[in-house]
Amino acid sequence: MKYHELNVVKNTTPKRMGRGISAGQGKTAGRGTKGQKSRTGHRKMRAGFMGGQRAIMQAVPKLKGFKSIHKPAEVVYTDVLSTLSGTVDNFVLADKNLISSPFAKVKIITRGEITSKITLKVQSASKSAAEAISKAGGSFVKTPTPLRPKTPSIK
């Protein structure tokens, strides 16, 4: 038998609080003496409430501006693509260390000349980059960002 296959039945009854001295948890019923947390309804205080004192969220200065949660696309230049041939996608670019991960968004931008004939399958390219690739005899196909494979959960 394994630990996760055990059938455990809860056989304890909840402790009855505030039922007199002989019950074991009488009088203050484990809440201590006086104060806001000893009173009824103290669990309904909102998060960050500091007993009427100005809350820490109000006291801390706020930063101006906005930070996007979306990662910007990683840039690959056309002159770097000249070293590649055949079909080029995110996985090929990641193998050649041109991008950090095969699951990152990629944008191709014009810089220098492209001489090799390639079929490019990435997320986006500037108009001039797409024209340069087609002029070199290749083609650009817009594809969605590859998704990470699901890892099997341990049960």
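None of the figures in this text is laboratory data; all of them are computed from the coordinates on show. Nothing here was measured: the structure is a model prediction, and the numbers come from that model. We place every Cβ from the backbone using ideal geometry, glycine too, and count neighbours over all the protein chains shown.
Of the chymotrypsin sites (Phe, Trp or Tyr not before Pro) found in the stretch 58-104, those that fall in a DSSP loop while having at most 12 other beta-carbon atoms within 10 Å are 66.
Summing Lys and Arg as +1 and Asp and Glu as -1 over all other residues whose Cβ lies under 13 Å from the Cβ of residue 142 gives a net charge of +3. Quantify how much of the Cα-Cα distance distribution of the chain extends past 19 Å, in percent. Result for the distance tail: 73 percent.
Given +1 at the Cβ of Lys and Arg, -1 at the Cβ of Asp and Glu and no other charges, the dipole of the chain around its Cα centre is 1920 debye to the nearest 20.
Roughly how many Å is it from the Cα centre of the stretch 5-62 to that of the stretch 75-105, as a whole number? Centre-to-centre distance over Cα atoms comes out at 57 Å.
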